[in-house]
Amino acid sequence: MSREIKRIGVLTSGGDAPGMNACVRAVVRTATNHGIECVGIRRGWSGLINSDFVPLNGNSVAHIINKGGTILYTARCAEFMNPEGRAKAINTCKLLGLDSIVAIGGDGTFRGALALSRQIAESGQKLSVVGVPATIDNDIGCSNYTIGFDSACNTAIEAIDKLRDTMQSHERCSVVEVMGRHAGFLALYVGISVGATAVLIPERELDFQNDVVEKIRRARLAGTTHFMIVVAEGVGKAYDIAKRIEEEVGIDPRVTVLGHIQRGGAPTARDRETASRMGYRAVQVLLEDTGNRVIGTRGGDILDIEMEEALNMVKPLQMYRYEVLENLTQGARFRT
Ligand code: ATP
């Protein structure tokens, strides 16, 4: 199957992620090469409601592949959650003559895209939507990888390496809070990569004695004099963890909340390259006319999945990574 597409609306929505710009560029350049016009919808779904847009061409996306954030801005939009809000968005689609949308963001963004497409279908019109996963949490079920994850990991690692220098010098314990309200991918990858003493993730019920206290003790008995505890924000506040460590281990940890710094910065090679391939694929999928789809990766390849099916998929954290971390921590096992 294939169809003629006239005009694609492209938007970024939800939390920003490094590599979103590379994806916008790929969508616009691929579309332009096929003679398709592109309109950038600003500030996510609220841009569609408020007719907040910018025409895009090959030149307007020059020199953005290396930039963090998103030139289209991003937002969360409560109004789009209800049919009245989406009715306004539909008017903008009609006004601009959009027949397709590429929505770059997380699963909330894709749910919005699906709701919009269905509501337009009720009036007998067709709007094809393609979702491209971009979130530093890497928590999209249908895709092994999401744009921004690698950059966020590297940003966190760089910051923690610096912390380690000073913690080592003062023989201290550091408690670092990283992003991840519901998913521990970021915390675990970062924890393995910095050689953390312990990593606390939302997927594992916290057993403070075994997961923190004993690990610090064993590391100390094995000769370590500084400790790095990485906490995903979904587990609890780093300050509370630090207080419990102080009470139960008798050391005075220093707390660092990395916060939004993890979202910024230039995208890594992996994010630029993946975003480029995903954006390219998004336009191909629209041309193939196979319905509403989400782009994903599996085994390094780019694929696309029917949107509703994609939204029902879950991606469990591979717990063997946790095992790896535990086995590599200094003093992980008592040696006899
Ligand atoms: P992140 O992973 O960074 O949080 P996300 O895309 O999941 O990204 P959300 O805030 O969940 O971020 O969703 C982005 C926007 O998508 C919402 O602000 C809302 O406008 C729209 N949206 C989310 N869920 C729905 C839904 N069920 N129906 C309609 N619109 C939705």
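The share of C-alpha pairs in the range 15-72 whose separation exceeds 15 Å stands at 48 percent. Most fluctuating residue of LEU48, LEU114, LEU95 in a GNM of the chain with Cα springs under 10 Å: which is it? The residue with the greatest mean-square fluctuation here is LEU95.
Order these peptides, 278-286, 245-253, by their mean beta-carbon neighbour count within 10 angstrom, highest first. Please report the intermediate quantities before stating the final value.
On the way: 278-286: 24.6, 245-253: 14.4.
Highest-to-lowest ranking by the protection proxy: 278-286, 245-253.
Measuring nothing but protein heavy atoms, the accessible surface of the range 33-140 at 1.4 Å probe radius is 50 percent carbon and sulfur. The modelled label-to-label distance between LYS94 and VAL324, using points 7 Å beyond Cα along the C-beta direction, is 5.3 nm. Each of THR329, CYS173, LEU186 was scored by the projection of its Cα onto the charge dipole of the chain, and the greatest displacement toward the positive side belongs to LEU186; charges sit on the C-beta of Lys, Arg, Asp and Glu. Per residue, the convex hull spanned by the Cα atoms of the range 287-331 amounts to 85 cubic angstrom. Of the three principal axes defined by the Cα atoms of the range 36-143, the extents in descending order read 41, 32, 22 Å. Estimated purely from DSSP H runs of n ≥ 4, each contributing -39500 (n - 2.57), the mean residue ellipticity at 222 nm for the chain is -12500 deg cm²/dmol once divided by its residues.
Is there a pair in LYS67/LYS237; LYS215/LYS243; LYS88/LYS315; LYS215/LYS315; LYS126/LYS315; LYS243/LYS315 whose C-alpha atoms are over 23 Å apart, and which pairs would that be? Mind dumping the intermediate values first?
Numbers: LYS67/LYS237 31 Å; LYS215/LYS243 16 Å; LYS88/LYS315 34 Å; LYS215/LYS315 28 Å; LYS126/LYS315 31 Å; LYS243/LYS315 33 Å.
Where the Cα-Cα span goes over 23 Å, the pairs concerned are LYS67/LYS237; LYS88/LYS315; LYS215/LYS315; LYS126/LYS315; LYS243/LYS315.
Principal axis extents of the C-alpha atoms in the chain (largest first, rounded to whole Å): 71, 36, 34. For the Cα trace of the range 203-336, dividing Rg by the Kirkwood Rh returns an Rg/Rh value of 1.12.
To the nearest 0.05, how large is the calculated FRET efficiency for ASP252 and MET313 if R₀ is 41 Å and r is the Cβ-Cβ distance? Don't skip to the answer; put the middle values down first.
Details: r = 44 Å, r/R0 = 1.08.
The pair ASP252/MET313 has a calculated efficiency of 0.40.
Think of each Lys and Arg Cβ as +1 and each Asp and Glu Cβ as -1; about the Cα centre, that makes the dipole of the chain roughly 580 debye.
Kindly identify the range 152-264 as rounded, prolate or oblate by the Cα gyration tensor criterion: order the square roots of the eigenvalues as a ≥ b ≥ c, call it rounded if a/c is under 1.5, otherwise compare a/b with b/c, prolate if a/b is larger, else oblate. It comes out oblate by the Cα gyration axes. Taking the C-alpha atoms only, the angle from helix 149-170 to the longest principal axis of the chain is near 20 degrees. Positive end of the dipole of the chain (Cβ unit charges, origin at the Cα centre): among LEU206, TYR239, ALA89, the Cα lying farthest that way belongs to ALA89.
Only Cα pairs within less than 10 Å get springs; with that Gaussian network setup on the chain, which residue of VAL175, VAL255, VAL24 has the largest fluctuation? Result for the chain, Cα springs under 10 Å: VAL255 fluctuates most.
The values are calculated or read from the model by the stated rules, or taken from the named source; none is laboratory data. Everything quoted here is computed from the prediction, not taken from an experiment. Cβ: placed from backbone, ideal geometry, glycine included. Neighbour counts: every protein chain shown. Please note that ligands, DNA and RNA were not included when accessible areas were found on the heavy atoms of the full protein model with its side chains. Shrake-Rupley method; radii C 1.70, N 1.55, O 1.52, S 1.80 Å.
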